[in-house]
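Structure, as structure tokens:
Bear in mind that the values in this text are calculations on the coordinates, not laboratory data. Since the model is a prediction, treat every value here as computed from it, not as a measurement. Every residue, glycine as well, gets a Cβ built from its backbone with ideal geometry; the counts of neighbours run over all protein chains shown.
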Amino acid sequence: MSETVLEIEGLQTFYGKIHALRGISLNVPKGKIVTLLGANGAGKSTTLKTISGLTRAAAGRITFRGQEITAAAPHAIVRMGLIHAPEGRRIFKGMTVQENLDLGGFTNRGERAEKQRRLQYIFELFPILSNRRNQDAALLSGGEQQMLAIGRALMTDPELMLLDEPSMGLAPFLVQAIMKIIRKLNEQGTTILLVEQNAKVALRLADYGYVLETGRIVVEGDSATLREDESIVKAYLGGGH
Amino acid sequence: MTILDIIIQQLTNGLILGSFYSLVALGYSMVYGIIKLLNFAHGDIYMVGAFVGFVILSFVSTLLGDGWLGILPSMILAMTAVGFLGVLIQRIAYRPLLSAPRLSILIVAVGVSLVLFNSVMVVTIGEYKAFPSGLGYEGITMGHVHITYTQMVMVGATAVLMIALHLFIAKTIYGKAMRAISIDMDACRLMGIDVNKIIALTFFVGSSLAAAAGVMAGVYYGSIHFFMGFVIGLKAFTSAVIGGIGSIPGAMLGGLLLGLLESFGTQLPWVGTEWKDVFAFGLLILLLVFKPTGILGRTEIERM
Ligand SMILES: Nc1ncnc2c1ncn2[C@@H]1O[C@H](COP(=O)(O)OP(=O)(O)O)[C@@H](O)[C@H]1O
Ligand SMILES: [Mg+2]
């Protein structure tokens, strides 16, 4: 078994009285794509937010590259090489594409050469961002905004990337394009934890999958297994697609 | 005096007044932009700035004299000291309440204002203090209009501060982080930005600009007192609302507009200087009712 980048044990999270995560354990091995599936409200986003420190864990333990980060501040976690591209993209509308990318590189500010290298890499992945770098990010289309959100997250050269529903609201061909990019990033060495509602798309990409239901992991397995097990697909992953 | 003389005279007065308003309004607007707090203690920061400048200049003037050579370094020192005071207040009074309901932090701001106001009142025994600067009335005379070098330096210093602030906000990564926090604070956290540090920096910049205005007001009016921050706090708030609260160019513009409006308004035949404040606050009420987003503000303003 390969080295584990992210290890979560017994994670619990509350929003006031709402018990959103009820003891989650999962592993993300280095160099892999792991997907977290489940219906709306299952706790997928909360899991990512608790990992990146936006939401505090009430119990459990999160370990990143051997170091415990359960109570660490979000900015400290980013500096360790874990980046979270949140649900809904959350790009800075009212600022230019370039400024959004500059902010993505906040932690390596001052390192000009490194910043240029990252920018060039991102513009190669997403040439459209280069063309529109001086435009207000609010003017980008949905697909372009998602590219900017991913590009911005890549400015730090992360070891592990948490992606929350990157396909949300995108036309099928754009979903394919984004998934291709995620595969490419992964092939170039970035480990990925991908949250998706679109199970079919995610399982095609991922090595391993977890299915979440009301704050608990109910099924896990190799994506091939999950994909082919009719009963699992029917019970948790809602056919349809 | 000809009409032209009056225009030039009032333009000068309005620019000076507007400089004070703008410099104070900037701190109001920046803090509102970043943590959505109407920092009602900000006028008192201006007042404290004047007193800190007073103390520093008293020492510095023995070395560098009480002209601009002594005043400018004293102003910079006062700006730095008051900037740190702003950071300290933010750390102690506001930061613990950042996620509390908006009203709690607003009430704390009023509390901070009272603390500053009363502290200075006690220390100065409520007396006026003569500002220890020694600037004369030399300047340029054009017809019936006399513009002093002091007035010119003040408008110039304000312009320099505003240009520097603009470049800082537009070009540096810290300025971009400030703007980004006002758009989406959690997204900033996810970019690795230590949001608390940037908020502290915002208080530093805002407070030091208010201190600059306080020192200049001391120099200009010649005396300072513990309640000098009250009215200007409200005027700066008005300026920020005129320009669109949260907007930095809006605060600059709103302050200058209000300054000009007040100085020209008092020239109308049936309005004397005593109507100045009625003018300003009447405008504030009209704006809050009819155009709460101001000239350059964004549309999502919450009522508070
Ligand atoms: N900020 C919040 N405040 C209160 N409850 C929340 C908040 N965010 C999510 N929840 C609740 O927590 C549960 C899990 O939500 P979430 O993690 O967003 O699910 P998912 O991403 O799988 O759709 C839901 O019941 C949701 O209503
Ligand atoms: Mg979600």
* Can you tell me which residue among B:Val108, B:Val195 is within 14 Å of chain A (Cβ to nearest Cβ), more than 20 Å from B:Ala211 (Cβ to Cβ) and either free of Cβ contacts under 8 Å to residues at least 40 places away in the same chain or buried (at least 21 other Cβ atoms within 10 Å of the Cβ) (or both)? => B:Val195
* Asked: Restricting the first residue to region A:12-26 and requiring it to be within 14 Å of chain B (Cβ to nearest Cβ), which pairs with a second residue that is within 16 Å of ligand 2 (Cβ to nearest atom) meet a Cβ separation below 7 Å and a spacing of at least six or different chains?
  -> none
* Return a yes/no flag: does region B:177-190 have any residue that is over 24 Å from the mean Cα position of the chain (by Cα), part of a loop (DSSP other than H, G, I, E, B) and crowded, with 19+ Cβ neighbours inside 10 Å. => no
* Asked: Can A:Arg216 be described as within 14 Å of another protein chain (Cβ to nearest Cβ) and either touching a residue at least 24 places away in the same chain (Cβ under 8 Å) or more than 16 Å from ligand 2 (Cβ to nearest atom) (or both)?
  -> no
* Asked: Which fully enclosed helices (runs of 4 or more DSSP H) of region A:28-141 have 2 or more residues being more than 10 Å from chain B (Cβ to nearest Cβ)?
  -> A:44-52, A:97-104, A:112-125, A:127-131
* Asked: When the residues of region A:40-76 are filtered to those that are surrounded by fewer than 17 Cβ atoms within 10 Å (Cβ to Cβ) and near ligand 2 (Cβ under 10 Å from one of its atoms), which remaining residue is farthest from A:Ile8 (Cα to Cα)?
  -> A:Asn40
